[in-house]
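Student: Right, I'll just put the structure down here and ask away after.
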Amino acid sequence: MSFLPSYVRDAWWLPEPDPDAAVVRDASTGEEIVRVTTRGLDLAGVVEHARRVGQPRLGALTFPQRAMVLKNLAIALNDRREELYALSMRAGSTRRDSLSDIDGGIGVLFTYSSKARRELPAGTVVLDGPVEPLSKDGSFLGRHVYTRLAGVALQINAFNFPVWGALEKFAPAFLAGLPTIVKPATPTAYIAEAWVRIAADTGLLPPGALQLVSGGIPGLLDLLDLGDTVGFTGSASTAERLRVGVRPSVRFTAETDSINASILGPDALPGTPEFDAYIRQLLTELTTKAGQKCTAIRRAIVPAGLTDAVAQALREKIGARVVVGDPRADGVTMGPVVSLAQRDEVRRQVDLLRAAGGRIVVGDTAVPEVRRADGTTGPAEDGAFLSPVVLAFADATIPAVHELEAFGPVASIVEYGDVAEAADIVARGGGSLVTSVATHDPGVATELLTRMGAMNGRVLFLDRDDARTSTGHGAPVPHLVHGGPGRAGGGEELGGIRSVLHYMQRTAVQGSPRMLTALTGVWHPGADVDASGTHPFRKPLSDLRIGDAVMSEERTVTLADIEMFARFTGDTFYAHMDETAAAANPFFPGRVAHGYLLVSWAAGLFVDPAPGPVLANSGLENLRFVTPVSPGDRIRVALTAKQITPRETDDYGEVRWDAVIRNQDDAVVAQYDVLTLVAKTWQPQEVLV
Ligand code: NAP
């Protein structure tokens with residue numbers, strides 16, 4: 001008899017022997033794997049460790065440094081993913097199933113690491129939106145910033161994604177600077193233990209940054225307070241029970257079960273590529289992880305009269321493609337559900353759906369013939385096997401279709417009359433993680449999105465153009481939001497960097513330009529400028545400071561220059577070439593200089609041309625032309641180092657410069673950010689070598 005360890009206070013901890021420990025068994029054979037309990041665990045000590053050790057140690061790292069830890073963890077997990085695959089098979093997952101959980105989880109780490117290094121600043125504070133001038137003379141500004149929460153991130157996960165489910169919460173919390181406590185679901189806690197062990201083995205985790213509690217967490221929620229978060233994934237009923245037990249000051253987000261829908265568009269009739277793609281997608285969602293996905297299709301909403309065609313097409317596909325059995329046997333495409341208890345629960349839900357009027361049109365709930373690990377075929381009473389089951393309902397308004405979740409390879413078909421009715425049927429689910437629509441008609445897609453978009457966290461449109469490249473109805477991607485309104489829990493995860501902000505607090509900060517510059521690490525107009533010494537283009541990142549600036553000489557604009565630029569570039573737009581037409585334009589006094597000419601001149605005015613640490617101009621952002629420039633006007637440019645972001649993995653970084661072009665009257669002509677890549681160090685003699 002073995003007990004599953006927890007990883008707490010940066011060490012492995014084994015529970016006291018506990019006769020009441022939960023017994024976890026192999027999903028295919030029923031063989032005992034491990035027992036799970038937290039008897040004897042000091043949960044208050046776990047929370048305390050996260051607060052006293054994890055918080056300061058993570059707080060000492062910048063966003064890019066945290067991002068590099070994530071990347072190296074991803075590499076370590078990737079190197080040892082076969083170990084995770086082998087364990088995952090014990091829970092019923094085929095290798096294809098593991099792609100979404102294990103590779104998907106590792107992918108989340110890689111994506112978050114790279115997004116953080118590209119999209120987050122070099123420090124620990126995130127700016128939100130533009131600076132707001134709050135006084136006429138510019139001496140008082142306002143700005144929104146995000147700083148990390150002061151507590152811990154507790155994550156409580158569902159059994160079906162022990163790797164992805166934990167990593168998709170851990171990555172953004174870690175980036176934000178919050179220590180995480182993972183509480184995996186008991187049936188697959190041994191898989192969570194395995195990835196945490198690999199992560200701990202790397203030695204890369206800052207102390208206190210990650211703890212794992214294998215087993216129950218009685219009383220732990222009571223220890224949480226302002227600054228702490230709970231990210232729950234599981235059934236809607238558990239979410240509601242836990243939500244009421246958490247202090248209102250704790251951020252509680254829930255990702256729960258949802259009765260997701262997939263609509264076959266009125267144009268996607270049998271024989272069209274959309275119909276075929278729809279059937280393929282239904283099959284995938286029924287069989288991947290034996291249908292144990294929060295995002296799986298539970299309701300197939302099809303045009304009136306098409307139930308039989310859809311059921312027939314599915315039966316054919318299942319007959320040709322689906323082999324139910326032990327994932328360790330060759331050729332098995334669908335494993336068991338996670339446990340006998342789960343199998344019985346699925347059967348119970350199917351019985352309820354039948355009692356509510358559902359007619360089984362694909363499969364049945366009898367014990368199926370399965371392929372065993374040794375290659376033989378037959379019934380497997382100790383394994384939690386089920387066949388794919390599809391029910392059909394004559395009445396699409398029956399509540400059971402929209403309320404009951406059979407968390408296994410089960411879906412229901414209902415019919416609609418018109419597109420408005422299809423959207424109404426989706427809405428009956430009370431809020432879903434995802435709805436997909438097979439249609440090639442943009443009109444149908446637009447009407448559906450308008451009517452039912454707000455009932456969903458994600459909507460996927462499937463047609464002949466994207467069927468091959470679609471990431472799939474059931475696959476959340478780290479770049480896009482995962483979560484949904486109402487029944488789906490009302491939470492939001494992933495969605496790129498926005499999920500990092502869930503672990504931070506937005507605060508409106510007011511103060512002088514100098515103070516905002518110091519607080520944010522980003523130069524604000526009105527703060528100190530140093531244009532007295534070496535040209536900033538001669539300074540590598542090691543010497544450059546925000547506020548280092550160039551104040552250029554003036555340049556007079558002539559008509560000849562404008563005409564030459566027009567001829568040279570081919571931009572002979574009338575505002576530059578035709579005095580009468582230009583003067584008739586409401587914005588111009590007469591012929592004016594091209595905006596692009598001004599930007600080019602500005603570069604000529606601020607540049608220091610010799611080879612040096614500035615390696616490249618990588619772009620312009622936020623360019624605005626404010627005041628027209630006429631022949632005879634004089635312009636000058638001020639270029640100020642605004643933000644410096646060294647790259648962790650390169651010997652250069654990005655410098656964002658504030659560029660402002662003014663005329664002889666001091667009016668702003670144009671303003672923009674210039675982006676450059678600048679070497680971290682630079683020896684002048686390198687030029688000579
Ligand atoms: P569950 O029974 O609701 O359990 C979810 C988690 O809550 C488990 O870790 C469970 O731990 C824990 N838990 C239960 N009671 C608790 C308590 N009193 N205090 C603290 N923790 C407690 O769900 P499940 O059976 O694991 O997962 C299946 C469900 O999750 C399905 O309904 C599915 O739709 C949903 N799901 C949703 C998403 C999503 O992103 N929206 C993703 C995956 C799954 P124990 O296992 O130790 O009891």
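Just so you know, all these numbers are worked out from the coordinates, no wet-lab data involved. This structure is a prediction, so every number in the text was calculated from the model and none was measured. Every residue, glycine as well, gets a Cβ built from its backbone with ideal geometry; the counts of neighbours run over all protein chains shown.
Student: Using R₀ = 25 Å, calculate the FRET efficiency as 1/(1 + (r/R₀)^6) where r is the Cβ-Cβ separation of residue 554 and residue 651; round to 0.05. Don't skip to the end; give the middle numbers.
Tutor: Values: r = 37 Å, r/R0 = 1.48.
Once rounded, the FRET efficiency stands at 0.10.
Student: Something else now. What is the list of residues in the range 622-650 whose amide nitrogen lies under 20 Å from a point 7 angstrom out from the Cα of residue 667, following Cα to Cβ?
Tutor: Only 623-638 fall inside the zone, counting backbone N under 20 Å.
Student: Which links in 71/289; 136/680; 169/539; 71/680 stretch past 31 Å when you go from one Cα to the other?
Tutor: 136/680; 169/539
Student: Compactness ratio of the range 462-610: Cα Rg over 2.2 N^0.38 Å, N = residue count?
Tutor: Cα-based Rg divided by the globular estimate yields 1.73.
Student: If you count, for each residue, the other Cβ atoms within 10 Å and average over each peptide, how do 391-400, 223-232 line up from highest to lowest?
Tutor: 223-232, 391-400
Student: Taking the Cα centre of the chain as the origin, how large is its charge dipole in debye, to the nearest 20, when only Lys and Arg (+1) and Asp and Glu (-1) carry charge on their Cβ atoms? Walk me through the intermediate numbers first.
Tutor: Numbers: 66 positive and 81 negative charges, 210 e Å.
Roughly 1000 debye, rounded to the nearest 20.
Student: Right, here's the next one. Could you order peptides 181-190, 82-91, 370-379 by the average number of other Cβ atoms within 10 Å of their residues, highest first?
Tutor: 181-190, 82-91, 370-379
Student: Per residue of the range 198-211, in order, report the coupling 6.51 cos²θ - 1.76 cosθ + 1.60 (Karplus, θ = phi - 60°) as ³J(HN,Hα) in whole Hz, putting x for Gly and Pro.
Tutor: My calculation for the range 198-211 gives 4, 5, 5, 4, 5, x, 8, 6, x, x, x, 6, 9, 10 Hz in order.
Student: Would you please name the GluC sites (Glu not before Pro) within the range 629-689 that are DSSP coil residues with at most 14 other C-beta atoms within 10 Å of their C-beta?
Tutor: Answer in residue order: no site qualifies.
Student: Something else about it: Starting from the exponent 0.38 and prefactor 2.2 Å, build the expected Rg for the range 529-679 from its residue count and divide its actual Cα Rg by it.
Tutor: That works out to 1.15 for the range 529-679.
Student: For the Cα atoms of the chain, what angle does the longest principal axis make with the long axis of helix 442-452, in degrees from 0 to 90, nearest 10?
Tutor: Orientation of helix 442-452: about 80 degrees from the principal axis.
Student: On a 0 to 90 degree scale, rounded to 10, what angle separates helix 273-287 from the longest Cα axis of the chain?
Tutor: Relative to the chain, helix 273-287 is tipped by roughly 60 degrees.
Student: Continuing with this model, one more query. Between residue 150 and residue 308, what FRET efficiency follows from the Cβ-Cβ distance if R0 is 60 Å, with the result rounded to 0.05?
Tutor: 0.50
Student: Also, I was wondering about something else. Restricting to DSSP H runs of at least four residues, report the calculated mean residue ellipticity at 222 nm for the chain, -39500 (n - 2.57) per run over all residues, nearest 500 deg cm²/dmol. Intermediate values should be presented prior to the final figure.
Tutor: On the way: 21 runs with 210 residues, N = 689.
Computed mean residue ellipticity for the chain: -9000 deg cm²/dmol.
Student: Averaged across orientations, what area in nm² does the convex hull of the alpha carbons in the range 394-523 project?
Tutor: Averaging across all directions leaves 11.9 nm² for the Cα convex hull.
Student: Let me ask something else about it. Mind ordering 610-616, 482-488, 460-466 by average Cβ neighbours within 10 Å, highest first?
Tutor: Sorting 610-616, 482-488, 460-466 by mean packing, highest first, produces 482-488, 460-466, 610-616.
Student: With a point put 7 Å past each Cα toward its Cβ, work out how far residue 351 is from residue 201 in nm, to one decimal.
Tutor: Once both label points are built, they end up 4.5 nm from each other.
Student: Something else about it: For the range 175-289, max minus min Cα coordinate along each principal axis, in Å, sorted largest first?
Tutor: 58, 37, 28
Student: Using the Cβ atoms and a cut-off under 9 Å, what net charge is assigned to the surroundings of residue 503, where Lys and Arg are +1 and Asp and Glu are -1?
Tutor: Values: positive: 148, 251; negative: none.
So the surrounding residues net to +2.
Student: Could you check what % of the DSSP bridge pairs in the chain are antiparallel, to the nearest 5?
Tutor: 60
Student: Only Lys, Arg, Asp and Glu count, each charged at its Cβ (+1, +1, -1, -1), so figure out the dipole size of the range 529-679 about its Cα centre, rounded to 20 debye.
Tutor: 60
Student: About the Cα centre of the range 296-453, what is the dipole size in debye to 20, counting +1 per Lys and Arg Cβ and -1 per Asp and Glu Cβ, all else neutral?
Tutor: I would put it at about 200 debye.
Student: Next question. If r is the Cβ-Cβ distance from residue 20 to residue 52 and R0 is 41 Å, what FRET efficiency results, to the nearest 0.05? Write down the numbers at each step before the final one.
Tutor: On the way: r = 31 Å, r/R0 = 0.76.
With a Förster radius of 41 Å, E is 0.85.
Student: What is the chain's relative contact order, in percent, from Cα pairs under 8 angstrom and six or more apart in sequence? Working shown, then result.
Tutor: Values: 1558 pairs, mean separation 86.5, N = 689.
Once divided by the residue count of the chain, the mean separation gives 13 percent.
Student: Around residue 673, under 10 Å between beta carbons, what's the net of Lys plus Arg minus Asp minus Glu among the other residues?
Tutor: 0
Student: Taking the dipole about the Cα centre of the chain, with the C-beta of Lys and Arg at +1 and of Asp and Glu at -1, give me whichever of 146, 237, 336 is farthest to the positive side.
Tutor: 146
Student: Let me ask something else about it. Hey, what's the Cα Rg ratio for the chain versus the globular rule of thumb, 2.2 N^0.38 Å? Don't jump to the answer; show the numbers that get you there.
Tutor: Numbers: Rg = 30.3 Å, N = 689, 2.2 N^0.38 = 26.4 Å.
In units of the 2.2 N^0.38 Å rule of thumb, it is 1.15.
Student: Each residue of the range 391-399 in order: what ³J(HN,Hα) in whole Hz does its phi give by Karplus 6.51 cos²θ - 1.76 cosθ + 1.60, θ = phi - 60°, with x for Gly and Pro?
Tutor: So the J values, rounded to whole Hz, are 10, 10, 10, 6, 10, 6, 9, 4, x.
Student: What is the distance, in nm, between label points placed 7 Å from the Cα along the Cα-to-Cβ direction at residue 467 and at residue 561?
Tutor: Between residue 467 and residue 561, the simple spin-label model gives 5.9 nm.
Student: DSSP beta bridges in the range 529-679, what fraction antiparallel, as a percent rounded to 5?
Tutor: About 95 percent, rounded to the nearest 5.
Student: Now, a different point. Label points 7 Å out from Cα along the Cβ direction at residue 528 and residue 1: separation in nm?
Tutor: A separation of 6.9 nm, rounded to one decimal place.
Student: In Å and on Cα atoms, what radius of gyration and Dmax does the range 351-433 show?
Tutor: 16.1, 52
Student: Let me ask something additional. Which one, 582, 643, 562, is farthest towards the positive end of the dipole of the range 533-681 when Lys and Arg carry +1 and Asp and Glu -1 on their Cβ?
Tutor: Result: 643, furthest along the dipole toward the positive end.
Student: Can you put 437, 362, 152 in order of Cβ neighbours within 10 angstrom, beginning with the fewest?
Tutor: Lowest count first: 362, 152, 437.
Student: Dimensions of the range 126-209 along principal axes (Cα, Å, largest first)?
Tutor: The Cα atoms of the range 126-209 stretch 62, 27, 18 Å along their principal axes.
Student: Would you kindly derive the ³J(HN,Hα) couplings of the range 152-159 from the backbone phi angles with the Karplus curve 6.51 cos²θ - 1.76 cosθ + 1.60 (θ = phi - 60°), listing them in order in whole Hz, with x for Gly and Pro?
Tutor: Residue by residue, the range 152-159 yields 10, 9, 8, 10, 10, 10, 7, 6 Hz.
Student: Next question, about the same structure. Per residue and in Å³, how big is the convex hull formed by the alpha-carbon atoms of the range 271-394?
Tutor: Spread over its residues, the Cα hull of the range 271-394 gives 108 Å³ apiece.
Student: Further, regarding this structure: Which listed residue (660, 219, 325) has the Cα farthest towards the positive end of the charge dipole for the chain, taking +1 on Lys and Arg C-beta and -1 on Asp and Glu C-beta about the Cα centre?
Tutor: The residue sitting most towards the positive pole is 219.
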